[in-house]
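Step one of this worksheet: look at the structure below.
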Amino acid sequence: MRRAAAPPPAAPGLADLAPDQRLRRLELTVTRRLDGLLQGQHRGLLPGPGSEIAGSREYRPGEDEVRRMDWAVTARTTVPHVREVDADRELTTWLLVDASPSMEFGTAELDKRELSVAAVAAVGFLTAGTGNRLGAQVLTEGGLRRFPARSGRTHLLSLLRALLAAPRADGHDPGKPSAAQPDLGAALAAVQRVARRRGLVVVVSDFLDGLPDQRADPAPWEPALRRLAARHQVLAVEITDPRELELPDVGLITLVDPETGRRREVWTGDAALRRRYASAAATQREQVRRVLRRCGATHLALRTDGDWTADIVRHVHTQRRLAAAPAAARGGLA
């Protein structure tokens, strides 16, 4: 009797690879499946060489236009000066990555933090271009870690490597007072302080920080996000895991709050309990969507058990259609 051949070993998942191997896998995935979707989609805010003031320098006869004279500096120094401007066509992208303990949860191939790194890789590789810059602020349990805005593939890879190598939370002892929790609102305000030029701001989080019990009440981070979206184009990438949306019937389990260390035993065999949990989770996610919509941010939802590349492709195509619709309407009215 012929023995059946053993099935080939499964390819290692992203979480099983070393950091450098994961970076290479992410880069190949982005460039093969998503390349060309975002390049060239941003335009200058105003026609011409630029509009953002970058400083002044001395006037060069025969080279500089008189209309660019900086009369205030000229009057102070008694030496003719001209204004220097940055080209608006150069896109500056600021990332706010939530790396708080709640982002370490995951029951699929990727956990929430690893999926957030994949989202950062997609944004970084797709917005890379001549003159484009990428900066980041990472919200951790120990505070806010800052990466200045720079251009180039080396800078992006160093940022991704730092995100992958960031230490994980060791958990909290329920008997000890917990440390100050990461504040998403304060982190958004910090991004606003460094993002002086108009550009793209990408916030990657589960947006669970301090959601109020009443759906009509504002989230504590809502005012800061609203101020940020008033000046910049804001993309809010919401990271979720399937077990945050519904409980499986697996008997008695212990649930642990990663932010505070609180524990609670739950009997998942209760069908009514599972229905209440799913209803409360759906209400919570709808509350997040409503807040993001009120703030004027574009919403992209990613799940740890989903195809994140396909979700990003669908999002980009949807945004393209929405952007093209007003232009087509104007053409029809002309």
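Computed quantities for the displayed model
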| read-out | value |
| --- | --- |
| Qualifying position, being in a strand (DSSP E or B), loosely packed, with under 13 Cβ neighbours inside 10 Å and either of a type in the set (A, V, I, L, M) or assigned by TED's automatic domain parsing to the domain that holds Arg198 (or both), among Leu255, Leu235 | Leu255 |
| Condition check for Arg263: among the charged types (D, E, K, R) and touching a residue at least 40 places away in the same chain (Cβ under 8 Å) | yes |
| Filtered residues of region 131-162 (kept if touching a residue at least 40 places away in the same chain (Cβ under 8 Å) and in a loop (DSSP other than H, G, I, E, B)) | Gly131, Asn132, Glu141 |
| Any chance Thr107 is surrounded by fewer than 16 Cβ atoms within 10 Å (Cβ to Cβ), in contact with a Ser or Thr (Cβ under 8 Å, 6 or more places away or on another chain) and modelled with pLDDT of 80 or more | yes |
| Search result, residues across region 292-322 that are of a type in the set (D, E, K, R), within 16 Å of the chain's Cα centre (by Cα) and over 17 Å from Ala282 (Cβ atoms) | Asp311 |
| Counted residues, region 110-130 - those being in a loop (DSSP other than H, G, I, E, B) and either out of contact with any Ser or Thr (no Cβ under 9 Å at 6 or more places or on another chain) or of a type in the set (A, V, I, L, M, F, W, C) (or both) | 2 |
| Of all residues making up region 164-193, the number that are at pLDDT 90 or above and surrounded by 14 or more Cβ atoms within 10 Å (Cβ to Cβ) | 9 |
| Qualifying residue in region 12-21 (condition: over 26 Å from Asp307 (Cβ atoms), part of a loop (DSSP other than H, G, I, E, B) and modelled with pLDDT under 85) | no |
| Residue that is farthest from the chain's Cα centre (by Cα), among those in region 57-93 that are in a helix (DSSP H, G or I), modelled with pLDDT under 85 and of a type outside the set (A, V, I, L, M) | Arg67 |
| Among (1) of a type in the set (A, V, I, L, M, F, W, C); (2) touching a residue at least 12 places away in the same chain (Cβ under 8 Å); (3) not in a loop (DSSP other than H, G, I, E, B), the one test that Val250 misses | (3) |
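To keep it simple, each residue is scored yes or no on (1) closer than 22 Å to Gln233 by Cα; (2) in contact (Cβ under 8 Å) with a residue 40 or more places away in the chain.
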site	(1), (2)
Thr74	no, no
Val79	no, no
Asp98	yes, yes
Pro101	no, yes
Glu114	no, yes
Val120	yes, yes
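The values are calculated or read from the model by the stated rules, or taken from the named source; none is laboratory data. The structure presented is a predicted model; accordingly, all values stated were derived computationally and were not measured. Reconstructed Cβ throughout: ideal geometry from the backbone, glycine too, with neighbour counts over all protein chains shown.
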